[in-house]
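K.L.:
Got a structure here, written out as structure tokens. Questions coming.
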Amino acid sequence: MKYTRRDFIKTSAVVGAAAGISEFAALPARPMAAVESPRMETFTEWLQADRDTRKRGLEFCLQRIRELEPSIHAWVQVQPERPTADGPLSDIPFGAKDIIETQGMATEYGSPLYKGRLGSTDAAIIREMRGRGAVLLGKTVTTAFAYRTAGPTRNPRNLAHTPGGSSSGSAAAVAAGMVPFTIGEQTKGSMIRPASFCGVTGFKPTYDLLPMQGVLPVSKSLDTLGLFTHTPADMLALWKALGHPTGSEEQFTFGAPEPIPECEPEMANAFRQALSLLRRSGVSIKTVDISAMLKKLDEANDVEMFYEGARFHEPRLKKFGDRLDQPLANLIREGLKISSERYDEAKRFLADSRVRMAEIFKATPVILTPAATGPAPLGLSNTGDPRMNAPWTALGTPAVSIPMPMASGLPLGLQLTADLGQDARVLQAALVLQQRFIAGPKISTV
């Protein structure tokens, strides 16, 4: 069964520009049984498949999107491209957040102001993926300009709840089994928080490790590309396929903040139970006194983001005026009020904090914290609070969210972070902890 490019760009009268609903959702659904193709969801399954199986597996992805997209709205556009190279990712499909330039494909920044805009070139990360044989399946929904105004995407775990943001569609597409991996981006908590809300693995590498050329900025000092997969094993395999070192399992003492950073009771309870479960399984965890510093780092992240974001997006406010979405307009107005002295002070604090954290990481090489303040909020307008993630984004350290083993309810994620450049270490640690979670009891917050 073949779907031509023309099939994917058909539109429906019910699809309005302001709705941001994927054009592909307008196509009629067909029964899953009609697609005689292997059901591969995880990246590891795709990696282990031969080339012919991968090619046939693409049909399963397309059918999955056809059936689920009308309710989830993870995609801006579905337009599978032909493979352009052979490599470790040959014929494996992926999605890319809609702030990433893609030649001849929708690049609308999540804003109705740019509805219909097509990318004029490929971002560096797209070129890298294609160079390794991966197939760009389409563009995933982002909040407007990767800031606060939410798009139409729903959480696959419970459609009444947000998937988080700003990498909403990227997280939801993986959680729904539509694609084995996606690319997102984080300025405060836009990778780790959606991963926690959607119950998948989200990885924000060390700052500037993945190329940002061709990605719409919010804050040049903070913006970091990241990846979503189903499991930590998938993420480690993907990281290796991208040519990065993956290290090996290590024995060390983990750190965990005491007191726990301020979060909702449900998350605090799950976090405590997760630590207890890990300790009972033989994992060594030591308390670290960093909660006060994390709060200050969150504030420094705000200063840096507002100052830089305002100056980058100011021309947009001048051009569009009241038509620009209100949260971004407010960021610009508030950010322009921040003096260069206050900005420089925040930069100095962050530099000093990196030195302090490097010392803490020597004793506890990986630190565990909640991946979000709580479960995904009800409704779509609020994509959640990023303060659990913003400190690590400000420091530039690698961070990964893995699902805690919840007995019921919405997903909750555990965040792991390590020192700058220790990406392999944090991914290996995530794999170890997930294995302990699988072998242990479920966590109940009731």
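The values are calculated or read from the model by the stated rules, or taken from the named source; none is laboratory data. Note that the coordinates shown come from a computational prediction; the quantities given were computed from them, not determined experimentally. Note that each Cβ is placed from the backbone with ideal geometry, even for glycine, and that neighbours are counted across all protein chains shown.
K.L.:
Taking region 57-74, which residues are buried (at least 18 other Cβ atoms within 10 Å of the Cβ) and under 21 Å from the mean Cα position of the chain (by Cα)?
P.N.:
Across region 57-74, the qualifying residues are Cys61, Arg64, Ile65, Leu68, Glu69, Ile72, His73, Ala74.
K.L.:
Still on this structure, I have one more. Please work out which residue is nearest to Thr417 (Cα to Cα), limiting yourself to region 264-287 and to residues that are among the charged types (D, E, K, R) and within 26 Å of the chain's Cα centre (by Cα). Spell out how you get there, then give the answer.
P.N.:
Here is the first cut: in region 264-287, the residues among the charged types (D, E, K, R) are 264, 266, 272, 279-280, 286.
Keeping just the survivors that are within 26 Å of the chain's Cα centre (by Cα) gives 264, 266, 272.
Working: Glu264: 21, Glu266: 22, Arg272: 17 Å.
Ranking the qualifying residues of region 264-287, first place goes to Arg272.
K.L.:
Taking Arg154 and the conditions (1) more than 11 Å from the chain's Cα centre (by Cα); (2) more than 19 Å from His230 (Cβ to Cβ), which numbered condition does it fall short on, given that it satisfies the others?
P.N.:
Arg154 satisfies every listed condition except (2).
K.L.:
If you take the residues in region 292-313 that are touching a Leu at 6+ places or on another chain (Cβ under 7 Å) and either modelled with pLDDT under 95 or of a type outside the set (Gly, Ala, Ser) (or both), which one is surrounded by the most Cβ atoms within 10 Å (Cβ to Cβ)? Give the steps one after another, and end with the answer.
P.N.:
Within region 292-313, the first condition is being touching a Leu at 6+ places or on another chain (Cβ under 7 Å), and the residues that meet it are 297, 300-301, 304-306, 309-310, 313.
The next check asks that each one be either modelled with pLDDT under 95 or of a type outside the set (Gly, Ala, Ser) (or both); those that pass are 297, 301, 304-306, 313.
Working: Leu297: 23, Asn301: 27, Glu304: 25, Met305: 24, Phe306: 24, His313: 21.
My answer is Asn301.
K.L.:
Right, next: So Val426 clears everything in (1) crowded, with 24+ Cβ neighbours inside 10 Å; (2) touching a Lys or Arg at 6+ places or on another chain (Cβ under 9 Å) except one condition, right? Which one?
P.N.:
Unmet condition: (2).
K.L.:
Another one. Just one of the numbered conditions (1) surrounded by fewer than 24 Cβ atoms within 10 Å (Cβ to Cβ); (2) under 21 Å from Pro93 (Cα atoms) is not true of Ala160; which one?
P.N.:
For Ala160, the exception is condition (2).
K.L.:
Among the residues of region 229-251, which ones are within 14 Å of the chain's Cα centre (by Cα) and of a type outside the set (A, V, I, L, M)? Can you show your working first?
P.N.:
Start the filter on region 229-251 by keeping residues that are within 14 Å of the chain's Cα centre (by Cα), which leaves 229-232, 235.
Correct list: Thr229, His230, Thr231, Pro232.
K.L.:
Just one of the numbered conditions (1) touching a residue at least 60 places away in the same chain (Cβ under 8 Å); (2) under 28 Å from His244 (Cβ atoms) is not true of Met105; which one?
P.N.:
The number of the failed condition is (1).
K.L.:
Does region 184-202 include one or more residues that are aromatic (Phe, Trp, Tyr), at negative phi, surrounded by 24 or more Cβ atoms within 10 Å (Cβ to Cβ) and not in a helix (DSSP H, G or I)? Can you show your working first?
P.N.:
Here is the first cut: in region 184-202, the ones aromatic (Phe, Trp, Tyr) are 197.
After this cut, where a residue has to be at negative phi as well, the list is 197.
Next cut, surrounded by 24 or more Cβ atoms within 10 Å (Cβ to Cβ) only: 197.
With not in a helix (DSSP H, G or I) added as a condition, the list becomes none.
The answer is no; no qualifying residue exists.
K.L.:
When only residues in region 123-148 that are of a type outside the set (A, V, I, L, M, F, W, C) and surrounded by 21 or more Cβ atoms within 10 Å (Cβ to Cβ) count, which is farthest from Ile65 (Cα to Cα)?
P.N.:
Here the residue is Tyr147.
K.L.:
Condition first: on the phi > 0 side of the Ramachandran plot, touching a strand residue (DSSP E or B) at 6+ places or on another chain (Cβ under 7 Å) and surrounded by fewer than 24 Cβ atoms within 10 Å (Cβ to Cβ). Can you find one or more residues in region 87-107 that meet it?
P.N.:
Among the residues of region 87-107, at least one is on the phi > 0 side of the Ramachandran plot, touching a strand residue (DSSP E or B) at 6+ places or on another chain (Cβ under 7 Å) and surrounded by fewer than 24 Cβ atoms within 10 Å (Cβ to Cβ), which makes the answer yes.
K.L.:
Do we find that Ser37 is crowded, with 22+ Cβ neighbours inside 10 Å and at pLDDT below 95 in this structure?
P.N.:
On the way: crowded, with 22+ Cβ neighbours inside 10 Å: no; at pLDDT below 95: yes.
Spelling it out, it is not the case that Ser37 is crowded, with 22+ Cβ neighbours inside 10 Å and at pLDDT below 95.
K.L.:
Name the single residue that is surrounded by the most Cβ atoms within 10 Å (Cβ to Cβ) among those in region 75-85 being in contact with a Leu (Cβ under 8 Å, 6 or more places away or on another chain) and closer than 19 Å to Gly177 by Cβ.
P.N.:
Per the stated criteria, the residue is Val78.
K.L.:
Do you know which residues across region 231-275 are among the aromatic types (Phe, Trp, Tyr) and touching a helix residue (DSSP H, G or I) at 6+ places or on another chain (Cβ under 9 Å)? Walk me through how you get there before you give the answer.
P.N.:
Looking only at region 231-275, we keep the residues that are among the aromatic types (Phe, Trp, Tyr), and these are 239, 252, 254, 271.
Once the filter is applied, which keeps residues that are among the aromatic types (Phe, Trp, Tyr) and touching a helix residue (DSSP H, G or I) at 6+ places or on another chain (Cβ under 9 Å), region 231-275 yields Trp239, Phe252, Phe254.
K.L.:
Let me ask something else about it. Name, by its number, the condition in (1) part of a helix (DSSP H, G or I); (2) surrounded by fewer than 24 Cβ atoms within 10 Å (Cβ to Cβ) that does not hold for Thr393.
P.N.:
For Thr393, the failing item is (2).
K.L.:
State the number of residues belonging to region 251-277 that are without any contact (Cβ under 8 Å) to a residue 60 or more places away in the chain and polar (S, T, N, Q).
P.N.:
Here the count works out to 2.
K.L.:
Suppose the filter is of a type in the set (S, T, N, Q), assigned to a helix (DSSP H, G or I) and more than 14 Å from Met235 (Cα to Cα); does Ser170 pass it? Before the answer, list the steps.
P.N.:
Details: of a type in the set (S, T, N, Q): yes; assigned to a helix (DSSP H, G or I): yes; more than 14 Å from Met235 (Cα to Cα): yes.
In short, yes.
K.L.:
Among the residues of region 71-130, how many are part of a loop (DSSP other than H, G, I, E, B) and not hydrophobic (A, V, I, L, M, F, W, C)? Give the steps one after another, and end with the answer.
P.N.:
First pass over region 71-130, keeping only residues part of a loop (DSSP other than H, G, I, E, B): 73-74, 79-92, 98-99, 101-102, 104-105, 107-111, 115-117, 120-123.
Restricting the remaining residues to those that are not hydrophobic (A, V, I, L, M, F, W, C) gives 73, 79-84, 86-88, 90-91, 98, 101-102, 104, 107-111, 115-117, 120-122.
Residues in region 71-130 being part of a loop (DSSP other than H, G, I, E, B) and not hydrophobic (A, V, I, L, M, F, W, C): 27 in total.
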